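Report on the following structure.
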There are 2 protein chains.
Amino acid sequence: MMSKHIALKNIRINDPFWNDVSELVRQEVIPYQYEALYDRVDGAEKSYCIENFVKASAVVSALKSGEEVPVYPVDKWQYTDDNCDENAFHGWVFQDSDAYKWLEAVGYSLSNHFDPELKKKADGIIDIICSAQLDNGYLDTLYIINDRSRVFTNLRDYHELYCFGHLAEGAVSYFNSTGDRRLLDAACRFADLICDTFGENKKRGYGGHEIAELALVKLYETTGEKKYLETAEFFVNERGKKPYYFDVEQGRETTCDAYHYNQAHRPVRQQKEAVGHAVRAVYLYSGMADVARYCDDKELYTSCNNLWNNIEKRKLYITGGIGSTVDGEAFTFDYDLPNDLAYSETCASIGLIFFARRMAELEVKSNFADVAERALYNTVLSGMSEDGKSFFYVNPLEVNPEASRRDSRKFHIKPVRQKWFACACCPPNLARLISSVGEYAFGENSDTFFVHQYIGADVQSKLGEIKLKSSYTSDGGVKIEVKPNSKMKLALRIPSWCSGYELSHDYSLKDGYAYVDVDGEAVITARFDVKPRLVRCSNRVRANAGKVAVMRGPFVYCAESVDNGDNLQMLVLDKTTRFSQQGEFLIVDGWREKPSDELYSDFAETEKERCKIKLHPYYRWGNRGENEMQIYLRYE
Amino acid sequence: MMSKHIALKNIRINDPFWNDVSELVRQEVIPYQYEALYDRVDGAEKSYCIENFVKASAVVSALKSGEEVPVYPVDKWQYTDDNCDENAFHGWVFQDSDAYKWLEAVGYSLSNHFDPELKKKADGIIDIICSAQLDNGYLDTLYIINDRSRVFTNLRDYHELYCFGHLAEGAVSYFNSTGDRRLLDAACRFADLICDTFGENKKRGYGGHEIAELALVKLYETTGEKKYLETAEFFVNERGKKPYYFDVEQGRETTCDAYHYNQAHRPVRQQKEAVGHAVRAVYLYSGMADVARYCDDKELYTSCNNLWNNIEKRKLYITGGIGSTVDGEAFTFDYDLPNDLAYSETCASIGLIFFARRMAELEVKSNFADVAERALYNTVLSGMSEDGKSFFYVNPLEVNPEASRRDSRKFHIKPVRQKWFACACCPPNLARLISSVGEYAFGENSDTFFVHQYIGADVQSKLGEIKLKSSYTSDGGVKIEVKPNSKMKLALRIPSWCSGYELSHDYSLKDGYAYVDVDGEAVITARFDVKPRLVRCSNRVRANAGKVAVMRGPFVYCAESVDNGDNLQMLVLDKTTRFSQQGEFLIVDGWREKPSDELYSDFAETEKERCKIKLHPYYRWGNRGENEMQIYLRYE
């Protein structure tokens, strides 16, 4: 059964949990990032983002007036004062996307909470962006500033199609919330150039960092322009064919499977295992699912399903994180989910939510929204500090600050969130996801309204008005007032973690959703049992054999040493325990082992004493200074 | 109480366990390495070792006849056909040391088993080496071939003093067993040049890869030449002083602690923690102990003790391995002993045995020989396959072959031994250690003969004749026939792992040794209880909390999947178990969990069935094809 998410303009979020989070994004993250785009944040690494657009705009003017424009090398991922001319492009090759992601977040935010000051700021940035576009529609400041003659010559590394994708996503968001077409027109002009450049009997390339695929589909959805969908389809189908396009453009030949990192090692229809850079992977899979939907491509859908299953059943952290290694920020192999070495990038979980929504739209089955929920309430929210001012790029499941300082394998594991990153993908990605969370919560088709995530909101569906009040995150309660236009069904996801629930109305269960027939105005209530529970990870995962995790509702819990003392590995949870709640903490019975000082000794049961173990929601960890953290605990 | 090891020429090994091992070295490893030095091993990476000596010899001749000699760059660690002229030096900067280590092993081997053919081969190599020495005594083929003007200009990276150290060790070994002075004279001439070059009011440098320190002391012991000891002392004392010599020679200034990798981050007397490259570290500490002994330097001894304690109590794997990370092949921090990411280089455990002997000579306490035993019977022996034809460089405590193939963090973890390494340090190091194992087994001082390791041998001590018959590795039995010159004491180490033992004679215990007074000819027997036992690792080691290891006598045991099926993490050992022996295997009761297919599920005890767990001595693992291996097991 297919469905489609509800557009954000038809959703007004009103939820005790999410109001706070999205206000933090609106009041802290978006303004902070605005300053960062202009390099006005003290102590943060420079982004050069707006500076590059201004430089590109000058190049465009100069070209128009026939002036000679200098050429600089395009030969690396990062351009700094140390390695390039001061007038050349600066920053990472993908730096333009910072502005686009910010504009996308602003679009969503304005749609939920109109703010004329913010719109003015955004309009100013859009002016600068539009003035940097070449006459032929090309818009990527790296090549415009440094070397116009070399556009589209290194698709593998230099992120032009990636920046285009974020431009298109930003443009669609901004257009949808404000009706302002300027950025959308710019995106369409660039898209037109891309469609003219790539395809059968044209350049056979595709982006090294995927996103253009799903972005072109968004442009197609917004404008109805068929060629955008066709080019998305082309990118998807061309990827991984031999001879490898990346070989062709690099002028060399590689052996088999050279491009796992880019998911371009074989045609996507032959891919069954999620591999390579995790963010790239889920962006690609999202685009594949989009193309499968609009092109009614069953084979492609099967591929999406295979890849989804591989992630969901074998490569997913309990926190909804993906990516088990820092090397290539990548997937490794089935059931390889190390806690202390996880990469689990915030952006990757965001991309997983994109993929999940598209899968759920293709076929409404609750496992998609279950996984999205896992990612949303744990890894995504963990990405941001409680004051909205610092961020995790990497979301480990176990942290020892000493290891982060002294073991080079764990330098990427930060025990506290950081202010800003030179490679600033996660904070803007967080901002856009949280500002558009409604798009992931609800769906509809010709006769059914779907509640995928229990987020309080007033929703204008084609089927009628739906008012959802939620205390889901605190007590599992939901109340839904429905004013249907005519007969309709309300489909409520039964969370996979939920062992007991009550629904006020009769329902039938299908694929994890409870379907309630609604004939006229109705108030439907549901309550999901959110009592804390022990969760077992498959013993195929070596790191977790003999251990247990604690969850409550959608939240994973963790122990922090600020609450439990150092050496969290000495804690043992009493599996017969009863949990009690203490504010945001869970208290469980357990033991604390006494440290055994001899490195090796004859076996004896380690002495231990009863203790209360205090657990914190994972997404809240690391907000009280540097300390140890651990999700999985031994039990007895 | 000080002591000194017994020189190899006074020891004739005759031991059921060690005869086999040293015969393997004599019959397989030494001949194989001889061929490797000449690049005559099919499929092995070229060593270029003899080729470089031949080239250097031609340079020496050319210089003598006043011919012009070309200059090539000295600017990298490895010189290949791809990055240098065919007439230039080839291979790694330390390639000369391959020949020296081989000669050292040959020296030891000839002393235990004279073989004229082997001596002839060694003499041939010594001819080539001697012909490559410059008139001033300098002998390092990299600089002789490539650029004579730049000798001693990059002590940090280019291993001249390291190669010198191995030359001296090889020379001493060869001289001691054959009486042939040629290599010793060459080493002394080079040592003279070094002593003239380095010191107070001279160049204030020291080697980036330590070994010259202990090697100079060996030359001093062999020749009585005091300046060798003085220069060793200078190298030890100068190391880590500010301004850093490595900064001076590189012409730059680094911030604090730039040279942890080289143990040159601070003066050695201020070093309390073992850091950096593990092999370099223990070579340095060995040299420090030598200097402390001969210079009666109490402060330096205290430093050695601190560093020893840090390793023994906090940085030592149960297998006697050291070095927890591949990055820099280095120590990390206290109690960081990951099983599946261990580096635990064979050479590092060999170096640890060097350090242990020197510490035991400074003060006879059993923990030194205990650690040496742990290293010897586990990591060192594990370094070589049962046919002597392939080798482990890295000795992990847990291996999943899929991880070694697919997780770049574990590419250094090989599930089967390899034929030969381009950086061929471990096999020749193994050969020299095993061929000289007697030097680590016995010691003496004015009134006591010490048995540190129970290796069967006929020993000519200053105190008399000692004939040791050992079945230690199989049943813990030892029989020692003593023919003393006059009254003496026999000191027998009580292994730390031994909970019960019997001794035929009265004894008094001191620092882990049982002292028996011997008045005349006597036969002393001892039996150490080698029943299999469970060993607990301190719960400060995160990787091993809740797990147990199995040992029998000095041997650590491990599970391999060829015996126990895949997914060794699903094994649970029954802690009430009785062990039974089956050939070289131990059989213990336990359970095998059924695989839980759901990645996450509500907690339930994992179903499991009784099974027999089959354990293999660690040093024997990986001899039956690629398979999983695990030392620590969960228990119930």
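The values are calculated or read from the model by the stated rules, or taken from the named source; none is laboratory data. Here the structure is a predicted model, which means the values were calculated and not measured. Note: ideal-geometry Cβ built from the backbone for every residue, glycine included; neighbour counts use all protein chains shown. The protein model used for the area step is the full one, side chains on, heavy atoms only, and it has no ligands, DNA or RNA in it. Shrake-Rupley method; radii C 1.70, N 1.55, O 1.52, S 1.80 Å.
If you take all C-alpha pairs in chain A, what percent of them are over 45 Å apart?
18
Work out the FRET efficiency for B:THR197 and B:SER408 from their Cβ-Cβ distance, taking R0 = 41 Å, and round it to the nearest 0.05.
0.45
So, R0 is 51 Å and r is the distance between the beta-carbons of A:ALA258 and B:GLU35; what FRET efficiency does that work out to, to 0.05?
0.90
Given a 1.4 Å probe, how much area per residue of the range B:86-126 is accessible, in Å²?
The answer is 30 Å² per residue.
If you average over every viewing direction, what projected area does the convex hull of the Cα atoms of the range B:82-230 give, in nm²?
9.2
Using a label point 7 angstrom from Cα along Cα-to-C-beta, what distances in nm, from shortest up, separate B:ASP123 from the other copies?
Relative to the other copies, B:ASP123 has label-point distances of 9.8 nm.
For the protein assembly as shown, count the residues as N, evaluate 2.2 N^0.38 Å, and divide the Cα radius of gyration by that value, please.
Output field value: 1.05.
What number comes out for the charge environment of A:GLU253, summing +1 per Lys or Arg and -1 per Asp or Glu over other residues with Cβ under 11 Å away?
+1
Could you give each residue of the range B:100-108 its phi-based ³J(HN,Hα) in whole Hz, using Karplus coefficients 6.51, -1.76, 1.60 with θ = phi - 60°, and x for Gly or Pro?
Each residue of the range B:100-108 in turn: 5, 5, 5, 5, 4, 4, 4, x, 4 Hz.
Within the range B:490-595, report the trypsin sites (Lys or Arg not before Pro) that DSSP leaves as loop and that have at most 16 other Cβ atoms within 10 Å.
Answer by residue number: B:LYS575, B:ARG578.
Enter the buried accessible area of the B/A pair, total of both sides, probe 1.4 Å, in Å² rounded to the nearest 100.
5600
Work out the charge dipole of the range A:339-457 with +1 on the Cβ of Lys and Arg and -1 on the Cβ of Asp and Glu about the Cα centre, then indicate which of A:PRO396, A:TYR377, A:PHE442 is farthest towards its positive end.
Highest projection toward the positive end goes to A:PRO396.
Tell me, which residues of the range A:515-546 get at least 40 Å² less accessible area when the other protein chains come in, versus the chain alone (1.4 Å probe)?
The answer is A:LEU534, A:ARG536, A:SER538, A:ASN539, A:ARG540, A:ARG542, A:ALA545 - residues whose exposure falls by at least 40 Å² when every protein chain is included.
How much accessible area does B:LYS365 have with a 1.4 Å probe, in Å² rounded to the nearest 10?
So the heavy atoms of B:LYS365 present about 60 Å² to solvent.
Enter the accessible area per residue of the range A:26-69 (Å², integer; probe 1.4 Å; all protein chains in place).
Normalised by residue count, the accessible surface of the range A:26-69 is 50 Å².
Can you give me the % of accessible surface on the protein assembly as shown that is carbon or sulfur? Probe 1.4 Å, all protein chains present, nothing else counted.
46
Copy-to-copy spacing for B:GLU253, label 7 Å out on the Cα-to-C-beta vector, in nm, shortest first?
Taking the point 7 Å beyond Cα along Cα→Cβ, the inter-copy spacings are 5.5 nm.
Which whole number of Å³ per residue matches the convex hull of the alpha-carbon atoms in the range A:1-97?
Roughly 217 Å³ of hull volume per residue.
Less than 16 Å from a label point 7 Å out along the Cα-to-Cβ axis of B:ASP180: which backbone N atoms in the range B:11-44 qualify, by residue?
Only B:31, B:34-35 pass the distance filter.
Let me check something: with ligands and nucleic acids excluded, how do B:TRP308, B:TRP92 order by accessible area (1.4 Å probe), largest to smallest?
Sorted descending by solvent-accessible area, the residues read B:TRP92, B:TRP308.
Any chance you could look up the accessible area of A:LYS469 with a 1.4 Å probe, heavy atoms only, rounded to 10 Å²?
Approximately 110 Å² for this residue.
Measure nothing fancy, just the Cα-based angle from helix B:116-131's long axis to the longest principal axis of chain B, in degrees from 0 to 90, nearest 10.
That helix lies at roughly 40 degrees to the long axis.
What residues in the range A:581-605 lose 10 Å² or more of accessible surface when the other protein chains are added to their chain alone (1.4 Å probe)?
A:GLU593, A:PRO595, A:SER596, A:ASP597, A:LEU599, A:TYR600, A:SER601, A:ASP602, A:PHE603, A:ALA604, A:GLU605
7 Å along Cα→Cβ for the label point: how many nanometres lie between A:SER601 and each equivalent label in the other copies, listed shortest first?
Spelled out, the distances from A:SER601's label point are 3.8 nm.
Any idea of the accessible area per residue across the range B:285-409, 1.4 Å probe, to the nearest Å²?
That works out to 21 Å² per residue.
Under 20 Å from a point 7 Å along the Cα-to-Cβ line of B:TRP77: which residues of the range B:35-54 have their amide N that close?
Zone members listed by number: B:45-49.
Relative contact order for chain A using alpha-carbon pairs under 8 Å, separation at least 6, rounded to a whole percent?
So the answer I get is 13 percent.
Where does each of A:CYS498, B:CYS130 land when they are ordered by accessible area, with a 1.4 Å probe and the largest first?
Largest accessible area first, the list is B:CYS130, A:CYS498.
Using a 1.4 Å probe and ignoring any ligands, DNA or RNA, find the accessible area of A:LYS419 and quote it in Å² to the nearest 10.
The accessible area comes out at roughly 110 Å².
Considering protein heavy atoms only and a 1.4 Å probe radius, which residues within the range A:339-359 exhibit an accessible-area decrease of no less than 20 Å² in the full assembly relative to the chain by itself?
A:LEU341
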